[in-house]
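Peer 1: For reference, the structure I am asking about is given below.
The values are calculated or read from the model by the stated rules, or taken from the named source; none is laboratory data. These numbers come from a predicted model, not from an experiment. Neighbour counts run over all protein chains shown; Cβ positions are idealised from the backbone, glycine included. Note: areas computed on protein heavy atoms with side chains; ligands, DNA, RNA excluded. Shrake-Rupley method; radii C 1.70, N 1.55, O 1.52, S 1.80 Å.
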Amino acid sequence: MAAEAEGFEHMGLDGRLLRAVAELGWAVPTAIQAQAIPLALEGRDVLARARTGSGKTGAYGLPLLQKLLGIKEASPAVPQAVRALVLVPSAELARQVGHTLRRLSAFCGRQLRVAELCGHSDLADQRPVLMEQPDIVVGTPGRVLAHVAGHSLALRPWLELLVLDEADLLLSFGFGDDIKALLCHLPKIYQALLVSATLNPELEALQELVLHNPVPVLPPEPRLPGRSQLQQFRLSCGTEEDKFLLLAALLKLRLLRGRALLFAASLGRALRLKLFLEQFGIAACALNPQLPARSRCHVIAQFNRGLYDVIVATDEEGPAEPPRQRPRKGGTARKGQPPPCPQDPEFGVSRGIDFHNVAAVVNFDVPGSVESYIHRVGRTARGDNPGTALTLALPEELERLRRIEDALAGENGQSMLQPYEFRMEEIETLRYRCRDAMRSVTKQAVREARLRELRQELLNSEKLKVYFEDNPRDLQALRHDRPLHPASVQPHLAHVPDYLVPPSLRGIAKPGPKKKKCPRGAGARRGGNKPRGSGNPLQSFRFAQRGTKRGTKRGAGGTP
Ligand code: AMP
């Protein structure tokens, strides 16, 4: 805690790392950083409970980099080798962690090199990178093990540090056996740091295998930020159509300002939402778990670059289903159940991924569990940014939502989710348009949207490039396959004339065409609603909400 008050500069970190921390705008360590960094710098094994968004990458990344700098500087003749291994559950997280480590070591010249290993590229393509002996390897256990088994990566005798990030998810994604197998290839002595959002009994066996006399770091922080940073709302919707209507109103009338992450219960629903929003001229991208990691990363990068203000995703858990396990070899579908979706086991959207500058998370469908809720909503209010979450619930979803609220309730039993005061009757003017849009997004349209994405994937595939060079007729056939028309867009829906804007919302709503491309942070300028004295664009991106008095404008949390 003392370190938290004092800041990073009192932790004994190398000046180059401190410069990078300052460059990133990290003024003071977060709770997990304040506790874990000094212990890790002492060389202790650490068992840390930390939610994503708590600054956990810095908590293990800074001591890791400090240690490697120390080794290199103490004996310059030391051979170049992989000295730190960070295991993560998904390709996206590997990229994100790699990116953060590179930024933290930005002032260390070429002293420290980071390589990511995951299912993105072929094993063969990754070998040249490994031949250069990067100092740090970040990867999924499966891919790292494949390289070790193929002798393109040696972790003995030089590995000094092992990090297991999102350890609970590593296990629930079925990486337990790969991790155990990897441990046989590590030297006898190394420092280990294990970070997990939950420390459940299933994790104990892994902890025992990996950690030696660890110090537990359990900062007394809630698993989601407090009300001053994250405002959580719920809204009951009578019908499915009401959900769509509300979403259209929130986005089209810009009651929800800023960049939003929408969660739907399934891929089909996510694509339906995307097509529905397109009907209103709202450009959204969808994260399709059936596409390869490289394509998904591309979508996330596009969102993070600000090409889209809305991203629609599903998470690894469907409602009321157990967490998705890695498909077993030779596994068969249960009778009467849809075939398992060929989802990449490295995929986990609602966990760990840093979608940049997400002002609001909208749970279009109530998540299946409190864990899923936490991981979805944790995509906003990252670091010290504010954020808002809204969960829409049909009558049949209310019980599930109540269970989530009970689990998250404060010590006095008070729910963390406030009712979102919104009078549906005030957006009735938009209902006809909403119906029109919903009608256009037929099941066939959703199917075709899926096919279109797959076709595009085939056309862009590096792996198929050589095949198509040898078989140009197949390429022609694919290009000229019957045109797909996912949903015919009705241009008039994109424009909401003033007379359709509810009178009571006229002071707040900002209808009008939204630019398809908006550079990062441009929303703050566009919104024209910049709060007093704030340099942070996110602060203007809150749900605009009607006050209790007519025409009163106030922030979502009821702040006057
Ligand atoms: P993580 O939990 O590592 O995924 O970090 C979540 C976000 O918090 C990232 O965008 C980091 O840049 C940011 N962050 C990490 N540490 C700090 C800090 N000490 N102060 C402010 N933001 C931070």
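Peer 1: Out of the residues in the stretch 60-72 that are under 26 Å from H151 (Cβ atoms) and open to solvent by less than 20 Å² (accessible area, probe 1.4 Å), which is farthest from the chain's Cα centre (by Cα)?
Peer 2: Initially, the stretch 60-72 is screened for residues under 26 Å from H151 (Cβ atoms), giving 64, 68, 71-72.
Filter once more, so that each one left must be open to solvent by less than 20 Å² (accessible area, probe 1.4 Å): 64, 68.
Numbers: L64: 24, L68: 29 Å.
For the stretch 60-72, the residue satisfying everything is L68.
Peer 1: Now, a different point. What number of residues in the stretch 55-66 are more than 10 Å from the ligand (Cβ to nearest atom) and hydroxyl-bearing (S, T, Y)? Can you show your working first?
Peer 2: Taking the stretch 55-66 first, the residues more than 10 Å from the ligand (Cβ to nearest atom) are 63-66.
From what is left, the residues that are hydroxyl-bearing (S, T, Y) are none.
The total comes to 0.
Peer 1: Could I ask something else about it? Which pairs do you get when a residue that is among the polar types (S, T, N, Q), found in the stretch 93-116, comes within reach of a residue that is open to solvent by 40 Å² or more (accessible area, probe 1.4 Å) and more than 10 Å from the ligand (Cβ to nearest atom), reach meaning Cβ atoms under 8 angstrom, with the pair 6+ apart or on two chains?
Peer 2: Close Cβ pairs satisfying both conditions: S105/R16; S105/Q111.
Peer 1: Can you name every residue in the stretch 406-434 that is touching a strand residue (DSSP E or B) at 6+ places or on another chain (Cβ under 8 Å) and surrounded by 18 or more Cβ atoms within 10 Å (Cβ to Cβ)?
Peer 2: The answer is L408, M416, L417, Y420, F422.
Peer 1: Check off (1) under 23 Å from L224 (Cβ atoms); (2) in contact with a Lys or Arg (Cβ under 6 Å, 6 or more places away or on another chain) for C118 and give me the number that stays unchecked.
Peer 2: Unmet for C118, out of (1) under 23 Å from L224 (Cβ atoms); (2) in contact with a Lys or Arg (Cβ under 6 Å, 6 or more places away or on another chain): (1).
Peer 1: Identify, please: which residue in the stretch 21-54 is buried (at least 21 other Cβ atoms within 10 Å of the Cβ) and of a type in the set (G, A, S) and is, among those, farthest from the ligand (Cβ to nearest atom)?
Peer 2: A40
Peer 1: Let me ask something else. Does L17 fit the bill of being among the aliphatic types (A, V, I, L, M), over 30 Å from V377 (Cβ atoms) and open to solvent by less than 10 Å² (accessible area, probe 1.4 Å)? Lay out the reasoning, then the answer.
Peer 2: Values: among the aliphatic types (A, V, I, L, M): yes; over 30 Å from V377 (Cβ atoms): yes; open to solvent by less than 10 Å² (accessible area, probe 1.4 Å): yes.
Here the answer is yes, as L17 does meet what is asked.
Peer 1: In the stretch 73-88, which residue that is at pLDDT below 90 and small (G, A, S) is surrounded by the fewest Cβ atoms within 10 Å (Cβ to Cβ)? Let's see the steps before the verdict.
Peer 2: Looking only at the stretch 73-88, we keep the residues that are at pLDDT below 90, and these are 73-78.
From what is left, the residues that are small (G, A, S) are 74-75, 77.
Details: A74: 8, S75: 8, A77: 4.
Among those that are at pLDDT below 90 and small (G, A, S), it is A77.
Peer 1: If you don't mind, there's one more thing I want to ask. Need the failing condition index for E397 against (1) touching a Ser or Thr at 6+ places or on another chain (Cβ under 8 Å); (2) of a type outside the set (A, V, I, L, M); (3) at pLDDT 90 or above, just the number.
Peer 2: Of the numbered conditions (1) touching a Ser or Thr at 6+ places or on another chain (Cβ under 8 Å); (2) of a type outside the set (A, V, I, L, M); (3) at pLDDT 90 or above, the odd one out for E397 is (1).
Peer 1: Follow-up question, since we're still on this one. Give just the number: which of (1) modelled with pLDDT under 85; (2) assigned by TED's automatic domain parsing to the domain that holds M424; (3) of a type outside the set (A, V, I, L, M, F, W, C); (4) within 29 Å of G174 (Cβ to Cβ) does T314 not satisfy?
Peer 2: Here T314 meets the rest and fails (1).
Peer 1: Only one of (1) surrounded by 13 or more Cβ atoms within 10 Å (Cβ to Cβ); (2) assigned to a loop (DSSP other than H, G, I, E, B) fails for T57. Which number is that?
Peer 2: (2)
Peer 1: With the condition being crowded, with 20+ Cβ neighbours inside 10 Å and not hydroxyl-bearing (S, T, Y), I'd like the strands (runs of 3 or more DSSP E) fully within the stretch 223-323 carrying at least 3 qualifying residues.
Peer 2: Working: elements: 230-236, 259-263, 284-286, 310-313.
Because the criterion is at least 3 residues that are crowded, with 20+ Cβ neighbours inside 10 Å and not hydroxyl-bearing (S, T, Y), the strands (runs of 3 or more DSSP E) in the stretch 223-323 that meet it are 230-236, 259-263, 310-313.
Peer 1: What are the residues in the stretch 92-139 that are at pLDDT below 90 and polar (S, T, N, Q), if any?
Peer 2: Q111, S121
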